[in-house]
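The values are calculated or read from the model by the stated rules, or taken from the named source; none is laboratory data. Just so we're clear, the structure is a prediction, and the values are computed from it rather than from any experiment. Every residue, glycine as well, gets a Cβ built from its backbone with ideal geometry; the counts of neighbours run over all protein chains shown.
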Amino acid sequence: MNYKKFIYSVLFKLFTIFLLILLGLILLFILIKTIPGSSDIKYISTAFSLERQQELQNIYGSDNSPILVQLFKWMKNTVNFDFGHSTQSGLPVKQIILSSFLPTILLSFLAVTWGLLIGFPFALVSATNPGSKRDKFITLLMVLSYSLPAYWIGLFFLQFFSYKLNIFPSSQLFDIPGIYPSLFSKFTSVLYHLFLPSLALGLSFAAYFYKYLKTKLIDILDSEYILAAKARGLSAKTIILSHIIPNLILPVLSLFSTITPLFFSGAVTIEYIFSIPGIGRTMINAAVARDIPLIIGGATISFIAIMLINTFYDILLVIFNPKIKTEWINETNNK
Amino acid sequence: MLMIKKLFPLIFLVLISCSKPTLEKDIITIGLGYEPESLLPLFPLSATASNVKSLIFNNLLKMNEDLVTFSPELAKSYTFSDDSLKITFILNSNIYWHDDEKLTSNDVVFSHNLYTNKLVGWDGLSYKQNIIDVIAIDDTTVVYIFDNKTPFMVMDAVEGVILPKHILSKVEVEGLFQSDFGHNPIGSGPYKLTHWENQQYIQLEKHEKYFNENKPSISKIIFKIINEPVMMVQQIMNREIDMASNIPVIYLDKISQEDSNLEIVNYTGKDYDFIGWNMIDRVSFNQLKDSIKANPQTFIPLVEPHFLFGNKRIREAMSLAINKKLITEKLFSGNADPINKPYVLFGTKQLNTSNQYDISKAKEILTEEGWIDSDGNGILDKNGKEFKFTIYTNSGNIIREQILDILVEEYGKIGIKMIPQKVEPNYLVSDIVPNKKFDALLLGWNAGIKPDFTPLFHRSQYLHPFHLTGFYSPEFDDMNNKLLQSKNITDFNYNLDIVLDELSQNRPYTWLYTKNNILVYNKRIKNVEPSIISPYRYLEYFEL
């Protein structure tokens, strides 16, 4: 019975998310439509008469039909994942966005990995030795990492590792096309190219993780079950693996849901500096060229992706925390 | 933990084993500041896209450096008929498209029909207006028939690359822009496109069946897309790319001082910047817009002049107060030349690069026109109205923004208050310009090979957004018509001089400067000959 109720509450949550997405899309549409000026369509040349230019604007660019009709058309197309064609290149928006998403997701994943690899050990050292010299030094390092913008760190890495030491590539996602004997060799090349940008971005994430995890760790270390574990004579390794890490899963999931939007917005400057063909760089180029179908398509997909990822985190939280599960069920029953 | 410890060195080794990109033998890597939007030659392409396109497609003839004569390309020869109204082109017999289909005169006819199709709206349409018909006699013979004899008949015929009929005839004209051809073009040129990675690389490979006896010597050309000029400079100095054009002048000293393996070439460019003066009153223009559309001849003269720049003498004073030499030296380190007339590339026109900076004369004219500082507040005034105007430019162009700073100071010296406005380019083009919501504009154009001032100044284009200034002169219109109807080069040059003088005397624009293009390349490449036509001219014959 409880299981059924839970499924029902998940479906209810998904329905709420659907309504939120709908509302968000309407707001997004209104916002974009209120921007002054028209879409700059590359192929409408000056050789056309003014009348013909207007006709083509209507076909390929800003639609002159009533706003509600445009909204309805847009919603229908969004459901079909059809955002039209880029006014600059003529390519389908869907194709451009999908090809840009993968590098951004990969970059964000690596950055988060760096963030955890750096942030967690530092948080552990600080939390276990509060007020010590080590704690103070690490805190200083993390404050520095938090204060320095990712693009600055990126530029420094470029200058030092790429141009001075010449050991990392300075741009692009992989080496010259067509030289890879296998998919694996291409993948390693991608990892190699993403090393510096993901580290630059990861350092900012590390500071976030450090600050958040340190507080949580101090709470956990002060808890009675840790004291009991210590009293039972368990080794530090066992305490970390069996007691601390499992108890950190929930806070880390909450943290992830907070920083997910940063995957899409925070990576923009890094993508630009390192010439990575991600969604951030694509959207900047689209905004500069006023490629409205691409702007709308990119914003829509980013928005839906963020909402869905957050819902996914929420569901994971519920799975890992029975207390939240009960709250969800009660909330659904009340409505 | 142990597993992580074991994995770390492995990951590190994998990463380090990936080779750092270096310049390779037989491959040239060129940095591009922007990704070409498309390579479909039917639609207006950026300079970057045109440069890449020129390696994939061919014209019937190749334009020479003088921009007047031509060398054989797809056509090995051409002859005029006795009445000089027909040109017969004989094509090479061994021309193949990149997909191994044979190129014939039917492709030439097809391309002409596509370029002149009104639904396509090709931006070079004016080149084809004098051509009545194009007929394929046999596979290698094609005849162009003209309406009138002009000095540009060969140029008109060969403008526009030849396109493959067997591919594009299957695409609806309305769907051409969105067709796959723009990103997977099939041409007949020395290189074929083999790879296009979004925002990363464009890779071209040697066309093995290229018709020319001199086969391309470089096997692969890779265009690497690098948006940031600083990164472009770093990569060329770091040997990640071989060649880059339009490097900002501020980096040239660093390159020449720190890297003796790089060559910097400075060559004539097509771009020029100007200030366009709004000569008409905005309210009056917007009121008469619809009437002008219906009857331009009657209603254009009724548009009220602008309270400042409707006066030719004021425009003269404004021009005299600009120190163009200061701009070209300070902002371009001498890589630009001041100009005082419309910039034309055609023939042997020499630039008049004198500075014409005369601030006391400017002051004198303004006083004669009644503009004096009567209330002593440092700003000239007349009938209670201050000499104050707003000038717009597109944001993001650092040079233009710096010019505005210089102008504020220069005009301030003679009691003129200039309000600079930097706005988003699309907003400027779609709202400010067509509705004449400006007093002046700081913008730039790209000079066409064939001089034609119709879109910018002729009354027939009065309502077109590119007709920026509201300039109207029946005398100029007649002169311009005469220019376009010139029967031979001598006539054309004579008429061109008259048109240029007329424009420079009326000053709808203050022409500021023309910029030189800069190409930086690694000295390992030989035979580099950048020209106004393309920075990668004769790239197929570069040697390593």
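Scanning segment B:391-413 for residues that are of a type outside the set (A, V, I, L, M, F, W, C), assigned to a helix (DSSP H, G or I) and in contact with a helix residue (DSSP H, G or I) (Cβ under 7 Å, 6 or more places away or on another chain), we see that the one that is nearest to B:TYR513 (Cα to Cα) is B:GLN402.
Residue by residue through segment A:276-328, note down the ones that are within 14 Å of chain B (Cβ to nearest Cβ) and over 18 Å from the mean Cα position of the chain (by Cα). Write out each step before concluding.
At the first step, the residues of segment A:276-328 found to be within 14 Å of chain B (Cβ to nearest Cβ) are A:276-295, A:298.
Hits for segment A:276-328 are A:ASN285, A:ALA286, A:ALA287, A:VAL288, A:ALA289, A:ARG290, A:ASP291, A:ILE292, A:PRO293, A:LEU294.
B:ALA49 falls short on exactly one of the conditions (1) surrounded by fewer than 22 Cβ atoms within 10 Å (Cβ to Cβ); (2) outside any loop (DSSP other than H, G, I, E, B); (3) in contact with a Pro (Cβ under 8 Å, 6 or more places away or on another chain), and that condition is (1). Candidates A:ALA150, A:ALA229, A:ALA236: the one that is within 22 Å of A:VAL125 (Cβ to Cβ) and more than 14 Å from chain B (Cβ to nearest Cβ) is A:ALA229.
Residues in segment B:103-129 that are facing another protein chain (nearest Cβ under 10 Å), outside any helix (DSSP H, G or I) and without any contact (Cβ under 8 Å) to a residue 60 or more places away in the chain: 4 in all. The set of residues in segment B:451-466 being crowded, with 20+ Cβ neighbours inside 10 Å, outside any helix (DSSP H, G or I) and without any contact (Cβ under 8 Å) to a residue 60 or more places away in the chain consists of B:HIS458 alone. Among the residues of segment A:75-105, the ones that are in a helix (DSSP H, G or I), buried (at least 22 other Cβ atoms within 10 Å of the Cβ) and among the aromatic types (Phe, Trp, Tyr) come to 0 in all.
In segment B:467-479, is there at least one residue being farther than 16 Å from B:TYR343 by Cα, under 22 Å from the mean Cα position of the chain (by Cα), within 14 Å of chain A (Cβ to nearest Cβ) and in a loop (DSSP other than H, G, I, E, B)?
Going residue by residue through segment B:467-479, those that are farther than 16 Å from B:TYR343 by Cα are B:467-479.
Those still in the list that are under 22 Å from the mean Cα position of the chain (by Cα) too: B:467-469.
Among the residues that remain, those that are also within 14 Å of chain A (Cβ to nearest Cβ) are: B:467-468.
If we keep only those that are in a loop (DSSP other than H, G, I, E, B) too, we end up with B:467-468.
Scanning segment B:467-479, I find at least one residue that is farther than 16 Å from B:TYR343 by Cα, under 22 Å from the mean Cα position of the chain (by Cα), within 14 Å of chain A (Cβ to nearest Cβ) and in a loop (DSSP other than H, G, I, E, B), so the answer is yes.
In segment B:52-84, of all residues being outside any loop (DSSP other than H, G, I, E, B) and of a type in the set (A, V, I, L, M), the one that is nearest to B:TYR538 (Cα to Cα) corresponds to B:LEU55.
Identify, from the list B:TYR538, B:TYR494, B:TYR509, the residue that is in contact with a strand residue (DSSP E or B) (Cβ under 7 Å, 6 or more places away or on another chain) and either of a type outside the set (A, V, I, L, M, F, W, C) or surrounded by fewer than 18 Cβ atoms within 10 Å (Cβ to Cβ) (or both). It would help to see each step written out before you state the result.
Values: B:TYR538 fails: in contact with a strand residue (DSSP E or B) (Cβ under 7 Å, 6 or more places away or on another chain); B:TYR494 fails: in contact with a strand residue (DSSP E or B) (Cβ under 7 Å, 6 or more places away or on another chain).
Within the list B:TYR538, B:TYR494, B:TYR509, the selection yields B:TYR509.
Only one entry of A:ILE259, A:ILE249 meets the criterion of being of a type in the set (Val, Ile, Thr), more than 18 Å from the chain's Cα centre (by Cα) and at pLDDT below 85, and that entry is A:ILE249.
When residues of segment B:273-307 are filtered for being of a type in the set (A, V, I, L, M, F, W, C) and under 31 Å from the mean Cα position of the chain (by Cα), how many remain? Talk me through it step by step, then tell me what you get.
Here is the first cut: in segment B:273-307, the residues of a type in the set (A, V, I, L, M, F, W, C) are B:274-275, B:277, B:279-280, B:283, B:285, B:288, B:292, B:294, B:299-300, B:302-303, B:307.
Narrowing further to those that are under 31 Å from the mean Cα position of the chain (by Cα): B:274-275, B:277, B:279-280, B:285, B:292, B:300.
Going through segment B:273-307 one residue at a time, the tally reaches 8.
Here's the yes/no breakdown for (1) more than 8 Å from chain A (Cβ to nearest Cβ); (2) under 30 Å from A:ILE273 (Cα atoms); (3) without any contact (Cβ under 8 Å) to a residue 12 or more places away in the chain:
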| site | (1), (2), (3) |
| --- | --- |
| B:LYS170 | yes, no, yes |
| B:PHE177 | no, no, no |
| B:GLY189 | yes, no, no |
| B:TYR201 | no, yes, no |
| B:GLU205 | yes, yes, no |
| B:ASN212 | yes, no, no |
| B:SER217 | yes, no, no |
| B:ILE221 | yes, yes, no |
